[in-house]
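The values are calculated or read from the model by the stated rules, or taken from the named source; none is laboratory data. The model shown is predicted, which means the values in this text are computed figures rather than measured ones. When we count neighbours, we look across all protein chains shown, and the Cβ atoms used for this are built from the backbone with ideal geometry, even at glycine. These area figures cover heavy atoms from the full protein model, side chains too; ligands, DNA and RNA do not enter into them. Shrake-Rupley method; radii C 1.70, N 1.55, O 1.52, S 1.80 Å.
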Amino acid sequence: MAGQGLSEDEVHGIREALAAGRKPKVVFTASAGQIAGQVGQVVELTDPEVSEEFVVVRFGRDELPFSPADVAVAPRGTGRKVAEPKPEPQVEQPPAAPAEPEFVLDRVPAPRREESKVEQQVEAKPARRAVKAAKPKGPAGLTVTLAYADGEWTVAAQQGAKALAKPYVVKPAEALRMVALVDVPGVHEAVEQIMAVERAEAEQQAEKLRAELAEIEARLAELREAR
């Protein structure tokens with residue numbers, strides 16, 4: 001299994017192969033998660049400036065986007081079928097000699113007891129093994145992240161290796177409603193501290209703006225009186 005992802009030269013080579021109508025094979029690296037070591041086919045390269053997951057790989061019936069670190073160029077011969085061994089020619093055996101008649105005593109065997117016959121039938125019956133039902137594979141895990149950084153609250157969503165929603169900004173009131181659903185006191189205290197700091201900074205900025213506005217109003221009044 002490859003340990004590193006695609007280099008810039010390999011990405012360029014894959015782009016040229018796609019332009020020529022080929023679909024290069026790649027192997028998933030350890031950063032791809034549970035599918036590491038599996039083989040897929042690159043079917044498209046999207047714009048890397050829009051998303052870092054611009055390598056679209058066909059895996060089974062799905063076509064999912066991955067980053068260059070999640071895949072590597074598959075070694076030659078990967079995914080090829082192994083040739084089945086040809087059956088050996090059968091050698092004709094000479095016909096068996098006819099069996100000679102056995103010496104049989106003309107004697108009627110004693111009748112067996114019915115109970116013994118029942119016991120033999122019970123013992124000869126093989127025990128059935130319990131067959132485990134195959135557990136169906138569930139969908140990939142879903143992760144929703146609420147984050148705070150640089151004075152902004154953001155929400156992002158990801159299912160497995162696929163990003164469902166890139167981080168987008170939400171209002172503080174919406175962030176508080178989301179946090180209220182989490183019954184963890186430590187989380188509530190941390191959010192209250194963040195909101196208190198933001199309120200204090202907003203009040204200081206408002207006071208500063210009001211003071212500047214008062215100075216401008218006074219200056220304007222002086223200019224009006226000077227006419």
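Some observations on this one:
- Sequence-distant residues sharing a close amide H with PHE54 (under 5 Å, placed H): PHE66
- Shown is the FRET efficiency for LEU223 and GLN193, computed with R0 = 45 Å from the Cβ-Cβ distance and rounded to the nearest 0.05: 0.50.
- Cross-link pairs exceeding 23 Å between alpha carbons, from the set LYS25/LYS162; LYS23/LYS137; LYS25/LYS166: LYS23/LYS137; LYS25/LYS166.
- Residue order for LEU6, LEU164 - accessible surface, 1.4 angstrom probe, largest first: LEU164, LEU6
- Of all accessible heavy-atom area on segment 1-55, the percent that carbon and sulfur account for (1.4 Å): 45 percent
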